[in-house]
Amino acid sequence: MPTAIEFGAGLIGKLADHVKALSGTKVLIVADPGVVQAGVVDRLKKPLEEAGIPHLLFSEIEADPDIESVEKGTQIAKSQGCDLVVGVGGGSSLDIAKAIGLMLTNPGNIRDYVGINKVIHQGAPVIAVPTTAGTGSEVTIWSVMTDKKQKLKLSVGSPYNCPTLALCDPELTVSLPPHITAATGMDALTHALESYVNKATHPISEGLSIQAMKMISKSLRHAVVQGENVSARHDMLVASLIAAMAFNSTRLGLAHALALPLGAHFKIPHGTVNAILLPEVMQFNIIGNTSKYAEIARIFGEKTDHLSEREAAERSVHAIRQLKNDVGITQTLSDYGLEEKHLDMIVEEAMTSGNVPVNPRKPTLEDLKNICRAAMAK
């Protein structure tokens, strides 16, 4: 885990010190328009201006960011002599910032590095400043982007793609609207849960996953309905980060395998599509790792003392479905336009994901269709 982590309220005020420590002379700030409008970028600029560190802003970032944004941002950074990148925002901004950092030192186009472990050189220093508690991009090896023309999600995975520093300030998440808090929180949960039950799990990742799920069970509802609750925001940002540390080495499962093509074709926010899929994927997977699902039920407060292991495992599905509904995610895949005629395309794309082989139960194409059908109907 090559990323250094600084965590605490008010840390953003020390940004200039970190830039200097990394020998940065000119900073490219990568942020989406929403973060700019919320005034977060101004809070980053202030310590840089006070320290006399030149900087410029690249904000051509959208949800499910276009891979072309990497080329645009890289051209700006190179033409202006930027040697350090600060990404601020949710997963979209951080993923693009990380990819720009890679392309400042690697030849060709970011498309050349789609896949796993294809990056040649360490990128330029990247400081990741998350404003959501969901993707964990501030510590992951992955950047996920969309080819808008072909409607494909493309992932670049490499240890070189990890930020140099994760600067995690829970105060920056307090103003996050409830629906985004809910969706990103369910994304973090999906990371922790899918890593915990999959076939690549190991004792270190399990410990991280369990702790993340405990914190999410305790704090996600409060973070959604009491946005100003700094303790809940703190817990969710920690949980998101350590869940990402878990799946860095294990990958995930069928929820994420299906989420990528569904997000690309139907523009479903990533956290939302994971939340919709997760209970249905759990139901399918129970027989593949019954004991782990029984433990998940207990983590989320289900009474299992007098139940069989299988009955306890079934309670985990109920618990996660209840959490999803409590935080206001009641949509179905049908609400986003998914119909039976689309399923062949979706499941065939999903089956190519590296998250499928590690899933605790091997699926057929028809199994994936049935998961989508269940998520269309409820």
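The values are calculated or read from the model by the stated rules, or taken from the named source; none is laboratory data. Keep in mind that what you see is a predicted model, and the values were worked out from it rather than measured. Methodologically, a virtual Cβ is constructed for each residue, glycine included, from the backbone with ideal geometry; neighbour enumeration extends over all protein chains shown.
Here are the numbers for the structure shown:
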quantity	calculated
Leu208 vs. criteria touching a Leu at 6+ places or on another chain (Cβ under 9 Å), in a helix (DSSP H, G or I) and within 20 Å of Ala255 (Cα to Cα)	no
Any pair with Cβ under 7 angstrom, 6 or more apart, that starts in segment 21-32 at a residue that is more than 17 Å from Ala99 (Cβ to Cβ) and ends at one that is of a type in the set (S, T, N, Q) and surrounded by 16 or more Cβ atoms within 10 Å (Cβ to Cβ)	Leu22/Thr164
Test: residue in segment 84-94 that is among the hydroxyl-bearing types (Ser, Thr, Tyr), surrounded by 14 or more Cβ atoms within 10 Å (Cβ to Cβ) and under 19 Å from Asp64 (Cα atoms)	yes
Test: residue in segment 42-52 that is touching a Ser or Thr at 6+ places or on another chain (Cβ under 6 Å) and surrounded by fewer than 20 Cβ atoms within 10 Å (Cβ to Cβ)	no
Residue within segment 160-177 that is at pLDDT below 90, assigned to a strand (DSSP E or B) and either surrounded by fewer than 23 Cβ atoms within 10 Å (Cβ to Cβ) or more than 17 Å from the chain's Cα centre (by Cα) (or both) present	no
Scope segment 216-233; condition part of a helix (DSSP H, G or I), surrounded by fewer than 23 Cβ atoms within 10 Å (Cβ to Cβ) and of a type outside the set (Ser, Thr, Tyr); matching residues	Lys218, Arg221, His222, Val225, Val230
Search result, residues across segment 1-17 that are touching a Pro at 6+ places or on another chain (Cβ under 7 Å) and assigned to a loop (DSSP other than H, G, I, E, B)	Pro2, Thr3, Ala9
Residue among Ala166, Ala188, Ala182 that is under 16 Å from Asn248 (Cβ atoms) and either outside the structural domain of Asp95 (by TED's automatic domain parsing) or in contact with a Cys (Cβ under 6 Å, 6 or more places away or on another chain) (or both)	Ala188
Count of segment 78-104 residues which are of a type outside the set (D, E, K, R) and more than 25 Å from the chain's Cα centre (by Cα)	4
Filter result for Ala239 (touching a His at 6+ places or on another chain (Cβ under 9 Å) and either outside the structural domain of Thr131 (by TED's automatic domain parsing) or touching a residue at least 40 places away in the same chain (Cβ under 8 Å) (or both))	no
Filtered residues of segment 202-212 (kept if closer than 18 Å to Ala297 by Cβ and buried (at least 22 other Cβ atoms within 10 Å of the Cβ))	Ser209, Ala212
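Residues are listed down the side, and each one gets a yes or a no for (1) among the charged types (D, E, K, R); (2) in contact with a Phe, Trp or Tyr (Cβ under 6 Å, 6 or more places away or on another chain); (3) at pLDDT below 95:
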{"site": "Pro2", "(1), (2), (3)": "no, no, yes"}
{"site": "Ala9", "(1), (2), (3)": "no, no, yes"}
{"site": "Gly13", "(1), (2), (3)": "no, no, yes"}
{"site": "Val19", "(1), (2), (3)": "no, no, no"}
{"site": "Val27", "(1), (2), (3)": "no, no, no"}
{"site": "Asp32", "(1), (2), (3)": "yes, no, yes"}
{"site": "Val36", "(1), (2), (3)": "no, no, yes"}
{"site": "Leu44", "(1), (2), (3)": "no, no, yes"}
{"site": "His55", "(1), (2), (3)": "no, no, no"}
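This table checks each residue for (1) surrounded by fewer than 17 Cβ atoms within 10 Å (Cβ to Cβ); (2) of a type in the set (D, E, K, R); (3) touching a helix residue (DSSP H, G or I) at 6+ places or on another chain (Cβ under 8 Å).
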position: Ile286; (1), (2), (3): no, no, yes
position: Ser291; (1), (2), (3): yes, no, yes
position: Glu302; (1), (2), (3): no, yes, yes
position: Glu309; (1), (2), (3): yes, yes, yes
position: Ala312; (1), (2), (3): no, no, yes
position: Arg315; (1), (2), (3): no, yes, yes
position: Ile320; (1), (2), (3): no, no, yes
position: Asn325; (1), (2), (3): yes, no, no
